[in-house]
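Below is one structure, written out as structure tokens; the observations come after it.
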Amino acid sequence: MPTLVVAQPDVASPSDPVCNLDTPPEQALLKMLQASAHQRYEGTVLYERAGSRQFVTVSSPSDHAGQGVLRRMNARADPLPENWPVPFDSPQRACDVATVYLPTLESGRTVAGRATQRLTLRPRDTLRLTHLIDMDSVTGLALAMATVGSEGNMLERYEYASIDYQSASERDPLDKGQREYERGRSVVPGYFVLSEDADRGVFVVSDGLATASIFVEPLPPGAPVGEGAVIEGATLTYTRGVRSAAGGLLISVLGEVPIVTARLLADAVRPPREQT
């Protein structure tokens, strides 16, 4: 089975204590990352990427399975509901993000009738993208976010057109639906394994904010070796065909990461006979 090789340690290991988030930008980052897990809300979101736009209705998780509901209003008449999981709720996640992004905080604009603060997350290296987040000044929920490329161009964005919160007295605890945030081994600087199924050749890595999935399968007969990439909005699809003594592999990386990161993730894949 294929595997992802371990990189040199570059961020805190899972056994290390949670860091201190003392500055206002760091505290805002923690509040924003935890907001979705502690609020009940529903609203309509404008989502733009690659020259297209969609309106999506969103309802926060309302059951102990931790599943929210969204409907893509432009896709079809009477759109079917789709589930989405509640985000991870862990102080360690904010520590991981603050390690590889530089957070800054300033006054924001009005979004969906709510006052906001602008939280900017700039990467500390070239392996990730910039995120501009307008977070609700009261709840911390990200009401708008734009993802920006290395040249300052906007890759994709979303923004709530309207949002309604349930009052605190109407909310039930959401802790039963929380997913465990388990930080695995580091494979690329700042990126670590969130989940893996080596038998199926599927790996998911994250830096706490951006996530990428890696798929490893046999190279189809007659398929050329080499690489290719397609970018749609902030999402990169990168493929690489390689040959080795163990046979050919087709490595695919899908996620909101720069191409340099996708290449490093593909480099980290080792065929079964090359594991050490």
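Computed from the coordinates by the stated procedures, all read-outs in this text should not be read as laboratory data. Keep in mind it's a predicted model, so treat the numbers as computed, not measured. Ideal geometry is used to build each Cβ from the backbone, glycine not excepted, and the neighbour counts take in all protein chains shown.
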0 to 90° range, to nearest 10: angle between helix 24-38 axis and the chain longest Cα axis: 90 degrees
Dipole magnitude of the chain about its Cα centre (Cβ charges: Lys, Arg +1; Asp, Glu -1), debye to nearest 20: 440 debye
Other-chain or far-sequence residues with amide H under 5 Å of V45's (modelled H): V56, T57, V58, A161
Charge dipole (the chain, unit charges on Cβ, about Cα centre) - positive-most of L4, T235, A210: T235
Mean Cβ neighbour count within 10 Å, used as a protection proxy, ranking 249-259, 141-151, 218-228 highest first: 249-259, 141-151, 218-228
Packing-based ranking, highest mean first, of 103-110, 28-35 given that Cβ atoms within 10 Å are counted: 28-35, 103-110
Hull volume in cubic angstrom per residue (convex hull over the Cα atoms of region 24-177): 125 Å³
Among W84, A94, Q54 the positive-end extreme of the charge dipole of region 24-177 (Cβ point charges): Q54
Cα long-axis angle, helix 91-100 against the chain (0 to 90 degrees, to the nearest 10): 60 degrees
Cα-centre dipole for region 24-177 with unit charges at Cβ (Lys and Arg positive, Asp and Glu negative), debye to 20: 280 debye
Selection from T147, P25, L70, by position along the positive dipole direction of region 24-177 (Cβ): T147
